Amino acid sequence: MSVRADRLVTMSHPVDSAVSAVRTYIEQHRAAFLDDLAEWLRIPSVSAQPDHAPDVRRSADWLAAKLKETGFPTVEVWQTPGAPAVYAEWPAGDPQAPTVLVYGHHDVQPAALEDGWDTDPFEPVVHENRLYARGAADDKGQVFFHTLGVRAHLAATGRTAPAVNLKLLIEGEEESSSPNFRALVEEQAGRLAADAVIVSDTGMWSADTPTVCTGMRGLTECEIRLSGPDHDIHSGSFGGAVPNPATAAARLVAALHDDHARVAVPGFYDGIVELTDRERELFAELPFDEDEWLRTARSHATHGEAGHTTLERVWARPTAEVNGIGGGYQGPGSKTIIPSSAFVKLSFRLVAGQDPEHIEKAVRAWAAEQVPAGIGCEIAFSPATRPCLTPLDHPALQSVVRAMGRAFEGPVRFTREGGSGPAADLQEVLGAPVLFLGISVPSDGWHAPNEKVELDLLLKGVETTAYLWGDLAENWRHAP
Ligand SMILES: [Zn+2]
């Protein structure tokens, strides 16, 4: 699909009548919204635990019913070989309107009182303006703000359908690595077709620093098996005269980076999208406290590619990490052998412009060069996740920034995500840029005991989407 940007200029909005109409509507419906969210949070939709499979299904049905009630004319529960996803669609009724697909998930991480929760993880409580429950931030709260958001958008504009063709895809297996997601997206690619994907499953820098995430790193992993003699052999009889696979493993690992901590695999950096000067400036403006970050990292020093800051290294630079290395005798005391085998487990975080297949080829060629004659080398790669990145001047990104700026009444900055996720499948299969709209903050405790969401921020999420659809439709029209 091709859409054209009419305006790219970031405008500042005073509190106008549209803003007060949205805020009034949200205030009037806030209590019912929170009651509904609490009801959903009571369903323990833990996708990792087979005994909760009926709860995950119940969660999908609950959401489907709620989206119907919200006004989506089409709502379907999509079965997969695993947990079901929920799909909803609300056409704008305007051929020039862009189409937006919102992605989130309705399953949650496991949680039990004995993990260290102060209250029952599936009995939501509000304390000091925070809502505590498993899934409050990751991701039910952030999916749910879209329901009140679209209603507020309609109420404030007097419309009967949203200004964009609005689609929602809320999967049920995200916390279990989304094993069926890619196949589902491929199978339903026609229905899911969109001009932009908005992922509401991330967060912001902090409550005081609202941010939009513009990209996510990709990931590819491999295990390298090095084999020498058919079985362990005596180091006195044979040592010094045959190659040792454990030595080969160590040499391989040592050769992975150069002295500047750059990845030394030839071709690794081919075609990568470099940070622009503007992006580097914007990252540098974030209130980043490296000492505090180090404490969170439980590390004693920073280390990484020369010429880049810590934030650049974790967000925008590709990496190679040794996740595991082993081989030979691991028991007490000594055992004078040349081991028969050794292994190395590696993972590579990828950035925009890097193609996982190209990386796989480059790593295979590099390893073959490093390993001495007489050592067998087998490399197994697991399925890769591609990186995604949306340029700062993309019109949809500009709309998200303006909508957030209106809701938060201040400047919106940019971040990226160092991790990897299923959003990349949406980008690849649908060919649409991925944007990240989340209001969660680092202290929300994703996957941890006492997960919570800040109610003020949750409602800012509602407010942001209430402005977003109108802004997108106004500034990003299909050419007639
Ligand atoms: Zn999540």
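The values are calculated or read from the model by the stated rules, or taken from the named source; none is laboratory data. Since we're looking at a predicted model, the values are computed, not measured. Backbone-built Cβ (ideal geometry, glycine too); neighbour counts: all protein chains shown.
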**Complete:** P162 passes all but one of the listed conditions (1) modelled with pLDDT of 95 or more; (2) surrounded by fewer than 16 Cβ atoms within 10 Å (Cβ to Cβ); the exception is number (2)
**Message:** When you scan region 315-333, do you find a residue that is part of a helix (DSSP H, G or I), modelled with pLDDT of 95 or more and of a type in the set (K, R), even just one?
**Reply:** no
**Message:** Given the condition modelled with pLDDT of 95 or more, of a type in the set (A, V, I, L, M), more than 23 Å from the chain's Cα centre (by Cα) and not in a strand (DSSP E or B), answer yes or no: does some residue in region 345-362 qualify?
**Reply:** yes
**Prompt:** Out of curiosity, is T465 within 30 Å of S176 (Cα to Cα), in contact with a Cys (Cβ under 7 Å, 6 or more places away or on another chain) and more than 16 Å from the ligand (Cβ to nearest atom)?
**Reply:** no
**Asked** Is it true that some residue in region 265-279 is within 22 Å of the chain's Cα centre (by Cα) and assigned to a helix (DSSP H, G or I)?
**Response** yes
**Request:** Give region 139-159 a look and list any residue that's surrounded by 22 or more Cβ atoms within 10 Å (Cβ to Cβ), more than 12 Å from the ligand (Cβ to nearest atom) and of a type outside the set (V, I, T), or say none.
**Result:** F144, F145, H146, L148, G149, A152, H153
**Item:** Members of region 78-101 found to be crowded, with 16+ Cβ neighbours inside 10 Å, more than 25 Å from H478 (Cα to Cα) and not small (G, A, S), listed by number
**Value:** W78, T80, P84, V86
**Request:** All but one of (1) in a loop (DSSP other than H, G, I, E, B); (2) within 16 Å of the ligand (Cβ to nearest atom); (3) of a type outside the set (F, W, Y) hold for D230, so report the exception by its number.
**Result:** (2)
**Request:** Check V9, V19 and return the single one that is in a helix (DSSP H, G or I), modelled with pLDDT under 95 and more than 26 Å from E187 (Cα to Cα).
**Result:** V19
**Request:** Could you run through region 73-82 and say how many residues are part of a loop (DSSP other than H, G, I, E, B) and either among the small types (G, A, S) or within 16 Å of A53 (Cβ to Cβ) (or both)?
**Result:** 4
**Message:** Among the residues of region 177-199, are any within 16 Å of the ligand (Cβ to nearest atom) and charged (D, E, K, R)?
**Reply:** no
**Residue satisfying all of: in region 83-122; away from the ligand (no atom under 16 Å from the Cβ), in a loop (DSSP other than H, G, I, E, B) and among the hydrophobic types (A, V, I, L, M, F, W, C); nearest to R42 (Cα to Cα) among these** = F122
**Prompt:** How about region 146-198: which of its residues are in contact with a Lys or Arg (Cβ under 9 Å, 6 or more places away or on another chain) and either without any contact (Cβ under 8 Å) to a residue 12 or more places away in the chain or of a type in the set (V, I, T) (or both)?
**Reply:** T147
**Request:** Give just the number: which of (1) within 16 Å of the ligand (Cβ to nearest atom); (2) touching a Gly at 6+ places or on another chain (Cβ under 9 Å); (3) of a type in the set (A, V, I, L, M, F, W, C) does L63 not satisfy?
**Result:** (2)
**Prompt:** Being more than 30 Å from G215 (Cα to Cα), surrounded by 18 or more Cβ atoms within 10 Å (Cβ to Cβ) and not basic (K, R), is that true of even one residue in region 313-324?
**Reply:** no
**Item:** Residue count, region 360-403 (criterion: closer than 15 Å to V344 by Cβ and hydrophobic (A, V, I, L, M, F, W, C))
**Value:** 10
**Fill in**
Within region 121-138, residues hydrophobic (A, V, I, L, M, F, W, C), out of contact with any Ser or Thr (no Cβ under 8 Å at 6 or more places or on another chain) and surrounded by fewer than 23 Cβ atoms within 10 Å (Cβ to Cβ) come out as F122, V126, L131
**Request:** Within region 386-413, work out how many residues are at pLDDT 95 or above, in a loop (DSSP other than H, G, I, E, B) and among the basic types (K, R).
**Result:** 0
